[in-house]
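All remarks here apply to the structure that follows.
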Amino acid sequence: MALPKRIIKETERLLADPAPGISATSHEDNLRYFDVVIAGPNQSPFQGGIFKLELFLPEEYPMSPPKVRFLTKIYHPNIDKLGRICLDILKDKWSPALQIRTVLLSVQALLSSPNPDDPLANDVAQHWKENENAAIQTAQEWTRKYATA
Amino acid sequence: MASYYDDHSLEDPFKARKKTSNPYGGSSFNPDLSHFMPREETESTSSSPSSRLPSASGPAVADFRRLAEMFGVFREREEPLGDEAHQEFLDNLITQLMDEAGASGKHGPPPASKSFIRDLPFVPQKDLKRDEACIICNENFQENESRAGVTKLPCKHHFDRDCIVPWLELHNNCPACRAEVPSDDPEWNRKKREAELAKYAAEAEVDQDWMYS
């Protein structure tokens, strides 16, 4: 099936006018599959880290959300060890008005504001709630260990 | 020769399976877990009301989720053995099953009502701004003549009819502002009535507080 015009437009704009700290490039042989890199936001435990993600636009996109997953290991209460992200707009709060760009900006924002009350990684969330400083320290260590080139 | 199933007056599950259409598009992988899981239990673990899911994929969603949970238990048990490759295999399997369970349109609000979709109004060209675009396809309303026209939701947001109808067939809200529109889903309607009653009750209480304080 031909690639919808909207996907072509989105891809072009992601290349021509990328959001700060975010890059997304589609695969030549599969224009629905994107290699994504998000820089860890300043003033977050992920600062200095370079995080790789994969993004896939299913056949139903934009009627259903993109599938997004972290490939780089990350210590975050809303991201589990498989890299799956707990973010409402990727699930029941999806709207076809959202785009690849807005989704990735939301993921970037999630790095700045972890939400241990809505966890996907239960043990990490527990740690975050009981001892936030120690959890942040672990997140910084993981960033150094896994997210720096 | 009469088969085992004929002998026992049972329906042959392999023949039965061929009759049902595969909701996952032609792949031969279609685990029908009903043969080794009690149906009632599968239904009750499903968090979404099965009434609003297409009947073909309804139980499958719950089954996928349940199967993923079962493998999750295996994974926890495996942990002490520390077999990395085995772990990774189970992890991937669980991810895939959860993905299937969470596939398109099965999350979020129920479909808009059939009558609402049928009665969507037609918006004439003169009511559209020159640079106005449909937020679903990002195309200017003026540009494409092959389309089925422009419509609007009660919240006044404009959309190409061709773009908004597939969305409303999945979910009863506005993509721009999330304002809800009517649904035929009984569960959704029941919850809406309850929320309205609770709101009236809360308002009545506020009124009383104001009167007597």
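From the list B:155, B:177, B:134, which one is closer than 12 Å to residue A:95 by Cα and in contact with a Cys (Cβ under 9 Å, 6 or more places away or on another chain)? I'd like the intermediate steps shown before the answer.
Numbers: B:155 fails: closer than 12 Å to residue A:95 by Cα; B:134 fails: closer than 12 Å to residue A:95 by Cα.
Residue meeting the stated conditions: B:177.
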### Task
Check off (1) in a strand (DSSP E or B); (2) under 30 Å from residue B:168 (Cβ atoms); (3) more than 14 Å from every other protein chain (Cβ to nearest Cβ); (4) among the aliphatic types (A, V, I, L, M) for residue A:31 and give me the number that stays unchecked.
(1)
## Note on the structure
Of (1) over 27 Å from residue B:108 (Cα atoms); (2) among the acidic types (Asp, Glu); (3) in contact with a Phe, Trp or Tyr (Cβ under 9 Å, 6 or more places away or on another chain), residue A:54 satisfies every one except (1)
### Message
Can you tell me which residue is nearest to the other protein chains (Cβ to nearest Cβ) among those in the range A:49-74 that are modelled with pLDDT under 95 and over 15 Å from residue A:103 (Cα atoms)?
### Response
A:60
### Top-ranked residue in the range B:143-190 [being within 14 Å of another protein chain (Cβ to nearest Cβ) and among the polar types (S, T, N, Q); ranked as surrounded by the fewest Cβ atoms within 10 Å (Cβ to Cβ)]
B:146
#### Entry: Condition broken by residue A:125, with the remaining ones in (1) surrounded by fewer than 21 Cβ atoms within 10 Å (Cβ to Cβ); (2) over 25 Å from residue A:17 (Cα atoms); (3) in contact with a Pro (Cβ under 8 Å, 6 or more places away or on another chain); (4) more than 12 Å from chain B (Cβ to nearest Cβ) satisfied
(1)
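The values are calculated or read from the model by the stated rules, or taken from the named source; none is laboratory data. Values in this document were obtained by computation on a predicted structure and should not be read as measured data. For neighbour counting, all protein chains shown are included, and Cβ atoms are generated from backbone atoms with ideal geometry for every residue, glycine included.
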